[in-house]
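Undergrad: Quick one: structure below, then a few questions.
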Ligand SMILES: Nc1nc2c(ncn2[C@@H]2O[C@H](COP(=O)(O)OP(=O)(O)OP(=O)(O)O)[C@@H](O)[C@H]2O)c(=O)[nH]1
Ligand SMILES: [Mg+2]
Ligand SMILES: [Zn+2]
């Protein structure tokens, strides 16, 4: 019997395609955000509400990941933003190859920002680089204040965290400051924002400013 | 879950080696799994067994070795092993760090029988 040393990284294939995607985005000056969060955290609602404002300033395209439906892409298209749908047919995350297939359909010269809504799942998507510039984690107060320490890997690599549904705080036994402390413990460099829905009006003002600033920084390079 | 994808990649890589080296039998595959990789050992073994039915890999043992999480402190530069969350520098207590290793999944080696040439 012989032992054969292999040392082959099983994520190498995904990482290689992610690197190609990243190069393609860079050569077209496109900023890319990978949005992750549990099912129902409020990812699509957040995006529906910031897209109209973002679109006033820059050209945005959405890529929607979902197990089986086109529901989220249809919701996004109502805002006037183009949304491509990826169905993973049960797969728990998007991978770099799926993104590569979608960007072939786009005219990259006219795009400033691509936002990818990953499959609703706080665990698996964090392990798959897509070629993005920013990792955004969306977590709702209704999930409980301990989620950042129970699912640390997603938060560890996040550049931006959005805490949604703060309008529900009066009805929950959740301390948002504890949640923020847990996030800061794991990743003190992440930019943290809150969104709320009051009297049917969704508020996420500073978020739009922050995203525009990141997009402009990349363009300015 | 994505353990199946990882095992498909593993089998493809092992099969390349099998063809290149005239392998008659694979006895063991040693896999190194970082503690931050989100890959569950039971799910890896289950996927490995399911995907190797009927092939040259059937019956091979999948040995999983764990790799610790190594972080480098951005404040004082120290490299340290992180054994849980939050990750804090043992010297200066800074929570600013870069992960050096611990999220990888890779095939380390395989034990094989070869045809004599
Ligand atoms: N009260 C309140 N409800 C919200 C808020 N944001 C989202 N919701 C509700 O939460 C539910 C889930 O929202 P979605 O935006 O579909 O969540 P998602 O993260 O995109 O879900 P998946 O794509 O299925 O993983 C919907 O019923 C929303 O109306 C908020 O700020 N406040
Ligand atoms: Mg959604
Ligand atoms: Zn230190």
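Any read-out appearing in this document is the output of simple, stated calculations on the displayed coordinates, not a laboratory observation. The structure displayed is predicted, hence computed values, not measured ones. Cβ sites come from the backbone with ideal geometry, for glycine too, and all protein chains shown count toward neighbours.
Undergrad: Enter the mean number of other protein chain beta carbons within 10 Å of the beta carbon of each residue in A:93-101, as an integer.
TA: Across the residues of A:93-101, the mean count of other-chain Cβ atoms within 10 Å is 1.
Undergrad: Let me ask something additional. In deg cm²/dmol, rounded to 500, what helix-only [θ] at 222 nm does chain A give when every DSSP H run of at least 4 residues adds -39500 (n - 2.57) and the total is split over its residues? Walk me through the intermediate numbers first.
TA: Working: 8 runs with 82 residues, N = 221.
My calculation for chain A gives -11000 deg cm²/dmol from helical runs alone.
Undergrad: Under the rule a/c < 1.5 gives rounded, and otherwise a/b versus b/c splits prolate from oblate, where does chain A land using the Cα gyration tensor?
TA: Since a/c reaches 1.5 but b/c is at least a/b, the shape of chain A is classed as oblate.
Undergrad: Treat each spin label as a single point 7 Å out from the Cα along the C-beta direction, and report the residue B:25 to residue B:56 distance in nm.
TA: With each label point 7 Å from Cα toward Cβ, the separation is 1.4 nm.
Undergrad: Right, here's the next one. Within 10 Å of each Cβ in peptide B:2-13, how many partner chain Cβ atoms are there on average? Round it to a whole number, please.
TA: Whole-number average of other-chain Cβ neighbours for B:2-13 is 4.
Undergrad: Over chain B, what lengths in whole Å, largest first, do the semi-axes of the equivalent ellipsoid take, defined as the square roots of 5 times the eigenvalues of the alpha-carbon gyration tensor?
TA: 36, 15, 10
Undergrad: With everything on Cα atoms, drop me the angle between helix B:41-51 and the longest principal axis of chain B, reported from 0 to 90° to the nearest 10.
TA: 20
Undergrad: Within 10 Å of each Cβ of B:86-93, how many other protein chain Cβ atoms are there on average? Show your work: numbers first, answer last.
TA: Values: counts 11, 5, 1, 0, 0, 0, 0, 0.
Mean number of neighbouring Cβ atoms from other chains: 2.
Undergrad: Just report the Cα centroid separation between segment B:1-27 and segment A:163-194, whole Å.
TA: 44
Undergrad: Further, regarding this structure: Taking a ≥ b ≥ c as the square roots of the eigenvalues of the Cα gyration tensor of segment B:67-117, is the shape rounded (a/c under 1.5), prolate (a/b larger than b/c) or oblate?
TA: Details: a/c = 4.93, a/b = 3.86, b/c = 1.28.
Prolate shape, in that a/c is at least 1.5 and a/b is the bigger ratio.
Undergrad: Still on this structure, please answer the following. Multiply the residue gap between residue A:150 and residue A:5 by 0.36 nm, knock off their C-alpha separation, and tell me the result in nm, one decimal place.
TA: Full-extension gain reported as 48.6 nm.
Undergrad: Be a star and scan segment B:37-64 for residues whose amide nitrogen sits under 19 Å from the point 7 Å along the Cα-to-Cβ vector of residue B:81.
TA: B:37-38, B:64
Undergrad: Find how many whole Å separate the alpha carbon centroid of segment A:197-215 from the alpha carbon centroid of segment A:99-143.
TA: Centre-to-centre (Cα) distance: 18 Å.
Undergrad: Further question on the same structure: Suppose R0 equals 51 Å; then what is the FRET efficiency for residue A:70 and residue B:70 from their Cβ-Cβ distance, rounded to the nearest 0.05?
TA: 0.75
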